[in-house]
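Okay, so here's the structure we're looking at.
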Amino acid sequence: MFKKLIAESTGKSPWLFHINAGSCNGCDIELVSVLTPRYDAERLGFKLTGSPRHADIVVVTGPVTQQSLNRVLRSIEQVPDPKCIVTMGSCPQSGNVFRGSYSVAGPLSKYVHVDVDVAGCTPKPEAVIDGLYLATQILAEKRKEMKK
Amino acid sequence: MDFPFVKEAISKLFSKPSCEMYVPDKTKLGAPNYRGRIVFHPEKCINCMMCERVCSGNAITHVIEKTPEGEDKVTRTFYLGSCTFCATCMDFCGHGAIEFTRDYHMIATKEEDLMVSGTFIKKAPVKKAPAAKPAAPKPAAAPAPAEGGKVIKPRDDGKPVQVPSKCVYCTICAKKCPAGALNVDRANKTWELDEDLCVGCGTCSDACPKKAILMPGDEPVTEGAPAPAPAPAPKAAPAAAALIQPRDDGKPVQVPSKCVYCTLCAKKCPAGALTVDRANKTWELDEDLCVGCGTCAEACPKKAILMPGDEPVAADAPAAAPAPKAAAPAPAPKKEEPAPKAEEKPAEPAKPVEPRDDGRPVQDPAKCIYCTICARKCPVGALTVDRAAKTWELDESMCIGCGNCYEVCPKKAILI
Amino acid sequence: MKYIDLLNFLNPVHFPIIAIMLYFLGAFLIVLFGRNRIVRNCIAFLATGLTLTLLILLVKPILIDGGIIPYWMGNRVPAGGYAIGIALEVDALSLFFGLLVATAVFVAILYSFSYMSEDDNEPQYYTLFLMLAGGVLGMVFSGDLFNMFIMVEILTFAAVALTAFRNRVTGALEAAFKYLVVGCIGSTCILAGTILLYQQTHTLNLAQLAYVIPRVGGTNVTVAFALLFIGFCTKAFIVPFHPLAADAHGAAPAPVSVMISGVLTKSGIYGIIRLSFFLFQTMNLGTMQFWLVFLGSVSMFVCVTMALAQHDFKRLLAFHSISQIGYVLTAVGLATTLGASAGLYHAMNHTLFKGLLFLTAGAVLHETGTTDLGKLGGLSKKMPWTTALFLIGAASISGIPPFNGFASKWLIYQASYEKAVETGNIGFALVTICALVTSTLTLASFVKVTQSVFFGQLPKECENAKEVSWGMRLAMSILAILCLVTGLFPNAVQKLLTIPAGSALFNPNAYINGMWQSHLPETAAPAVQTVGVWNPTNWLILLMIALLSICIVAIASKYDAVRENKGEKVALKYSLFYGGEETEFSQVGGGDLFWGFKQNWRHYFSFMHNLHSGIVNDYSLWAVVALALAMVYALIVL
Amino acid sequence: MDMILNALKYLAYVLIFPGFLFCFLSGLLLCGIDRKLVARMQKRVGPPILQPFYDFFKLCGKETIVPAAANKFMFLMAPLLGLAALVVLQLFIPVFQFNIPAFTEVADVIVILYLLLIPAVSIILGGASTGSPYAGVGLSREMVTVLACELPLVLVLLSVGKVVGASYQGGICFSMTKIVEYQMSHGSLITHAGLIPAAIAFLLVIPGETGNHPFDAAEAETEICEGMLAEYSGAPLGVFKLNHGIKMLTMTSLFVMLFFGGLGSGIESLVALVGLTGTAAHMVSVLLAVLLLFLLCVIVTAVGISLVHAVTARLKIEQIFKYYWTVVSGLALLSLVLVWYGL
């Protein structure tokens, strides 16, 4: 009974931790706008937390600059399993317009397995919610694998 | 001790929340001209690669494979993960092959979901015995040496080719070229095409007034005798063997003997119906453009254009100055002119001064007192005379050979 | 009331004098044979151990049966109504304090065996230590005013010498000097008071004085009362005299600070109690109660706020010991049986947990070489035992329920609020509130110490700290067990120790009868009953059941199957989250915690900061001003 | 035999009814209602009522990481200690006139006041044991908040003790059962003129004591990354969140018992009216009392915690302290003086 409860509620209360890897803040304000009354992600249980230890889903924005690389990797490493990594906007997936610059350390997928990409140069909040919803389902599966 | 928003908080407690019903369906679309997912129409694309060049996130790549028949099959992919959705590629695509839909659901777990691609076969030019393709890969500045009667064929690699005889170096094609691949020098009559910049879009051949640029698919043009006066001109010449009659349909007619081809009439013509070429002495009137306003007649310094209602003029009226000039250049083909003119000028000081043969004035330094009257009288301001420094310069490109300076010069120091 | 037969040697009546003699004898023997370490330790251990056993044997006759042992030195029994010889009188109150002294001394000696091993000239240390112990025990048992003065002199000088024992510690000599100056002012006041009294009543025997003074009265007597009161206040480090205690503790080695805070201050309190309850019997006056309660609550609040602002572990503990003395004084000042027994109960607890805390501070100093809160941190990994013991001490001082601090404080709140309702004077209600808030402030400052010293980040310097030797740990755990025991069975402790001692306060005639075998009517103190409801044993069983069941459920659901850092190098996953940064060490300094509280009270703190200037003449000025005020107040009131 | 039965009965009391299970369910339910109300006040749909349960079970499912710098035993024990103290605390608070004598005889108001310290101390010890600098700062802020809430709480309890004590011999009375009985006969204390400022003061203390929004400088997720809970993950974090829920329940039920005790008197007559007798009547009336208590708790949460959460922004720790020691303590002191001088 206890196991079933845990398995069922893993997807129902995904807590987000937002890492800004040098983004132009376009995606950052879009991510926060997801929690405002109009789109209200909280009804699905989303909540922004302050420390990676509390997080289930890590949302990365920005083209992972050289400076922020090891800080991002360190924070992601500190998130307890089962965890999901969601990249928001084009920058983390490919470096977008900043690709090839001396200070961009390349797409995030070079260092960490990215679970869900939400494309769009500032994707719409509905798209972000879809992405996060998909991430919660992946979380549930990861929980099952972890259990085995 | 005021508590802000307490009233609102309580009232909102009982009102309906203002959230949008969240239902995870994919059919919801963005705002009317929202730039969402890209849709590529391969059939329209001509692989001009303009979109690749302008894309800021360089998200567009293409791969060319040779099909068995030798045509190249091009597959172009748009990587949405690296696209900033600024739609510059859509603006630059002349053929509307790129379209941004209103679908904003671009969520992917694998990279491939974000790739939008399309393949098409590029239309190769019609196969013909490869005529004299310009030998050097980079066409020489001047077109091939003029061996009369040569046939100019359009090139097969989609690039434009120039018909030297027809080209008047008016540089319109260079201005129109979107890729800036052409540079044409009016003064030393050069027409160069930069192979790799050129995208073969054909805007230059459309813009050329003289139809002097051939694109793949146009018929080859035989160079033939470089008749300075192209076809339209004959209509006027044969009519009055001895006497030039004004025309009856209200259009102007040229008196070749008097005309010095100073292109003033063409410049003044409001409808742009007249094309006068100084170098090869052509005066053409485009019937359908001409509105018969007569501004060319008035503007003509030499009264070489007759409007209906003027008296007919004898073809070879003894107008002193222009006659000999008009006759002289006829036989020599256009191309030699630039060359002789070049060496003849430096030799001038040693020998006694003779008039130049291209209808432009020349100064006799001995007689000239640098009174600058000629400079003031010149209608186009081609002369600059400096009284103190005793210098007399003529700007060939401006000078129209009208002879005013020759007439006004008190000392007859200018010969024409 | 049973009289005890004088002749039998094993008869308990000789135990008090034997106890005192043992200490002095021990001190003397150590001077002779002190070179050899083992011999010295044996002597010290024997002396303190025997004394403790003797006093425990005394508990039955005095505390349970309520007897009083008078003892005339040299068998000079008073003749013709005048007492010539020096007497010892041990009633419930003095035995209670005696027990405190004996336990504290025994544990301190155990601790200092290994703590002082590195110091040079150790024999002198032990002689001074036993002299100090003897002095205090002598003062507590003495039935003669002048004998009390002599004992006070001995303990003051021994304490001064011990404070400056580690003279290479910065500020040790200066602290000792300050303590000497103010101590001497106090002693001279006591001497002057004794002389004035002797001139008025021609007797020095406490019992006789108690009998004569109420009948004589007059201005000289009130002046003597003021002098004696201020004298004992300096010994107890009450408010105007408290800064020197902070300096003394800062420099003194740990066992000595246990003695100073645990024992010396109690001797001061004992003096005040004897003075105001027995000799001058002024405590029934409302104004006298107000005076004691006011002094107590002021010292309670001032010292706790000062403690919050400290950067040094030992100075913080010193200020706390004075604020706890404030608690005791307030409770005793209420002059109700419940108040008195609560006060004495808190005095006992204070000796136990304050001793424990000072010993843990000593352990930290012993291992890391510094007690500066800013430089310490993360010692719980290196010294788990000391951390656990410290937490027990901190919990009991800040009054967390299962421990003894809460039991006594709970009684004090009951007493003060009951007094408030009884007298209808809202002042006492404010005292209760001040007491409750002070106990939370105590908790706050100990949270600060816990975070800065034991938890938080381990700095480089303390890398090689390791657990203290078993001797020190044994001493500390004895005190910890005592803290827990007295906390768990308050009713038993009350019935056995504090109520007899408390009710003895209200029965001076019994004291006089005991000494002179005269038959004055005895006033039986009303029975002590508490209005509140708290039955710690049941309560603790409840908490244990709840905790146990929760732990079982947790372990069943593999709550502690956690993933730990394997291997030496700290893997990225297990390193602390610094917002992504890589800093290894960023200790949150001990000083700047509680910014919120300090910000609000900054004017108060700046005023207090200038007040505690640390210059001797300021402190002596305060002493004299306090004396003057006391004199004026006594003259008006009495 | 009856000894074992008795022990089982008491064990059941500890674990089931007023003990662990009841606290667990109603605590988290109260937390869910609070979050839903706050959301609705901001015109948001807000999470489902059972969201805290989902959070708790999800956290139990997650992996617990003990940082290398942490002291493992303290790290794991702290939340359990807090939970035990809170459960025991809930046992002492009677449900209107029905209480278990074995428990409510053991502790009175001052002990409850002190027991409220233990969860705070447990969260402080937990935070300190991780050794993270955020925990250090959070810990000092938590201590200052507890310090701030202590003064008004003491004042309110003393004034209540004085009012109720008037009719008992000691002049003061601190035992909860007597306070409720007093209210049964003399009507709820809220109606007592002198105690109205005390009631308001207690209502203002509730968000501070439970660490809710405007006064949660200690666990500010934006400035100091969840303060003391920065290094907690998995089950210990879940237990801390559970502690937070139960603390809300305890504070609100304490408020209801202190000031709305009188409402319970109606239950007896209601059950008698329905005609039940004997144990059935007792069972039903206990059930009714619990429901009434929970309902009142929800109302108090709505007014005291959710409304305040929705309309205010987080205060600085210094402002929290000043607010509590001037405004709220002033109110409580006013009521103490009023009560003292015979109102």
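The values are calculated or read from the model by the stated rules, or taken from the named source; none is laboratory data. Source: prediction; values computed, not measured. Here the Cβ positions follow ideal geometry from the backbone for every residue, glycine too, while neighbour counts run over all protein chains shown.
The numbered conditions (1) within 7 Å of another protein chain (Cβ to nearest Cβ); (2) in contact with a Gly (Cβ under 6 Å, 6 or more places away or on another chain) are all true for D:C149 except (1).
Just to confirm my filter: which helices (runs of 4 or more DSSP H) fall fully inside region D:235-343 and include at least 1 residues that are under 30 Å from C:V562 (Cα atoms), in contact with a Phe, Trp or Tyr (Cβ under 8 Å, 6 or more places away or on another chain) and among the charged types (D, E, K, R)?
Helices (runs of 4 or more DSSP H) meeting the threshold: D:235-259.
When region A:78-98 is filtered for residues that are away from chain C (no Cβ under 14 Å), touching a helix residue (DSSP H, G or I) at 6+ places or on another chain (Cβ under 6 Å) and β-branched (V, I, T), the ones remaining, listed by number, are A:V86, A:T87. In region C:446-485, of all residues being more than 9 Å from chain D (Cβ to nearest Cβ) and among the hydroxyl-bearing types (S, T, Y), the one that is surrounded by the fewest Cβ atoms within 10 Å (Cβ to Cβ) corresponds to C:S469.
For A:Q66, the conditions (1) more than 7 Å from every other protein chain (Cβ to nearest Cβ); (2) closer than 27 Å to B:K12 by Cα are fulfilled apart from (2).
Taking helices (runs of 4 or more DSSP H) as the structural unit, those lying wholly within region C:511-619 and holding at least 3 residues that are modelled with pLDDT under 80 and either over 30 Å from C:R274 (Cβ atoms) or within 9 Å of chain D (Cβ to nearest Cβ) (or both) correspond to C:536-556. Residues that are surrounded by fewer than 21 Cβ atoms within 10 Å (Cβ to Cβ) and part of a loop (DSSP other than H, G, I, E, B) within region A:84-104 comprise A:R99, A:G100, A:S101, A:Y102, A:S103, listed in sequence order. For region D:110-134, a tally of residues being within 8 Å of another protein chain (Cβ to nearest Cβ) and either aromatic (F, W, Y) or part of a helix (DSSP H, G or I) (or both) returns 15. A single member of B:V23, B:V39 is out of contact with any Phe, Trp or Tyr (no Cβ under 7 Å at 6 or more places or on another chain), more than 9 Å from chain D (Cβ to nearest Cβ), surrounded by 13 or more Cβ atoms within 10 Å (Cβ to Cβ) and not charged (D, E, K, R), and it is B:V39.
Screening A:A140 with (1) among the small types (G, A, S); (2) assigned to a loop (DSSP other than H, G, I, E, B); (3) surrounded by fewer than 21 Cβ atoms within 10 Å (Cβ to Cβ) gives one miss only, at (2). The helices (runs of 4 or more DSSP H) found wholly in region C:77-172 and carrying at least 2 residues that are small (G, A, S), in contact with a Gly (Cβ under 8 Å, 6 or more places away or on another chain) and closer than 26 Å to C:D312 by Cβ occupy C:92-115, C:145-163.
Quick check on D:A102: is it more than 7 Å from chain C (Cβ to nearest Cβ), surrounded by fewer than 20 Cβ atoms within 10 Å (Cβ to Cβ) and in contact (Cβ under 8 Å) with a residue 12 or more places away in the chain?
Details: more than 7 Å from chain C (Cβ to nearest Cβ): yes; surrounded by fewer than 20 Cβ atoms within 10 Å (Cβ to Cβ): yes; in contact (Cβ under 8 Å) with a residue 12 or more places away in the chain: yes.
Considered against the rule, which asks whether it is more than 7 Å from chain C (Cβ to nearest Cβ), surrounded by fewer than 20 Cβ atoms within 10 Å (Cβ to Cβ) and in contact (Cβ under 8 Å) with a residue 12 or more places away in the chain, D:A102 comes out as yes.
Give me the pairs, please: first residue somewhere in region A:130-143 and within 8 Å of chain B (Cβ to nearest Cβ), second residue anywhere and in a helix (DSSP H, G or I), beta-carbon distance under 7 Å, and either six or more positions apart or on two chains. That search, which allows pairs on different chains as well, returns A:Y133/A:L44. Annotation note: of B:D196, B:D156, B:D206, the sole residue that is outside any loop (DSSP other than H, G, I, E, B) and surrounded by fewer than 20 Cβ atoms within 10 Å (Cβ to Cβ) is B:D206. Between A:L44, A:L48, the distinction of being out of contact with any helix residue (DSSP H, G or I) (no Cβ under 6 Å at 6 or more places or on another chain), within 11 Å of chain D (Cβ to nearest Cβ), more than 22 Å from D:L229 (Cβ to Cβ) and aliphatic (A, V, I, L, M) belongs to A:L44 only. Scanning region B:73-109 for residues that are touching a His at 6+ places or on another chain (Cβ under 9 Å) and either within 11 Å of chain A (Cβ to nearest Cβ) or part of a loop (DSSP other than H, G, I, E, B) (or both) turns up B:H95, B:G96, B:A97. So, of the residues in region D:293-322 that are within 10 Å of another protein chain (Cβ to nearest Cβ) and among the hydroxyl-bearing types (S, T, Y), which turns out to be nearest to D:D216 (Cα to Cα)? Per the criteria, the residue is D:T312. Close Cβ contacts (under 7 Å, 6 or more residues apart or on different chains) running from residues in region D:224-238 that are more than 7 Å from chain A (Cβ to nearest Cβ) to residues that are outside any helix (DSSP H, G or I) comprise D:G227/D:A220; D:A235/C:Y559; D:A235/D:T64; D:P236/D:T64.
Residue by residue through region C:343-394, note down the ones that are hydroxyl-bearing (S, T, Y) and either surrounded by fewer than 22 Cβ atoms within 10 Å (Cβ to Cβ) or assigned to a helix (DSSP H, G or I) (or both). Passing the criteria: C:Y345, C:T351, C:T360, C:T368, C:T370, C:T371, C:T386, C:T387. Restricting attention to region C:415-463, the residues being assigned to a helix (DSSP H, G or I) and under 29 Å from D:I123 (Cα atoms) number 26.
Table: residues versus (1) assigned to a loop (DSSP other than H, G, I, E, B); (2) more than 14 Å from the chain's Cα centre (by Cα); (3) at the interface with chain D (Cβ under 9 Å from one of its Cβ atoms).
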residue: A:S9; (1), (2), (3): no, yes, yes
residue: A:F17; (1), (2), (3): no, no, no
residue: A:G22; (1), (2), (3): yes, yes, no
residue: A:C27; (1), (2), (3): no, no, no
residue: A:E30; (1), (2), (3): no, no, no
residue: A:T36; (1), (2), (3): yes, yes, yes
residue: A:Y39; (1), (2), (3): yes, yes, no
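Restricting region D:10-20 to residues that are away from chain C (no Cβ under 11 Å) and surrounded by 13 or more Cβ atoms within 10 Å (Cβ to Cβ), the residue that is farthest from the chain's Cα centre (by Cα) is D:F17. Of the numbered criteria (1) at the interface with chain D (Cβ under 9 Å from one of its Cβ atoms); (2) touching a helix residue (DSSP H, G or I) at 6+ places or on another chain (Cβ under 6 Å); (3) part of a helix (DSSP H, G or I), the one A:S75 fails is (1).
Each residue in region D:77-94 was checked for being under 14 Å from the mean Cα position of the chain (by Cα), among the hydrophobic types (A, V, I, L, M, F, W, C) and not in a loop (DSSP other than H, G, I, E, B), and 9 pass. Just to be sure before I move on: is A:L73 more than 27 Å from B:F85 (Cα to Cα), touching a strand residue (DSSP E or B) at 6+ places or on another chain (Cβ under 9 Å) and surrounded by fewer than 23 Cβ atoms within 10 Å (Cβ to Cβ) in the structure I sent? The answer is no for A:L73. Within region A:1-33, being touching a strand residue (DSSP E or B) at 6+ places or on another chain (Cβ under 9 Å), buried (at least 19 other Cβ atoms within 10 Å of the Cβ) and among the β-branched types (V, I, T) holds for one residue alone: A:I19. There is at least one residue in region C:133-151 that is surrounded by fewer than 24 Cβ atoms within 10 Å (Cβ to Cβ) and closer than 21 Å to C:T48 by Cα.
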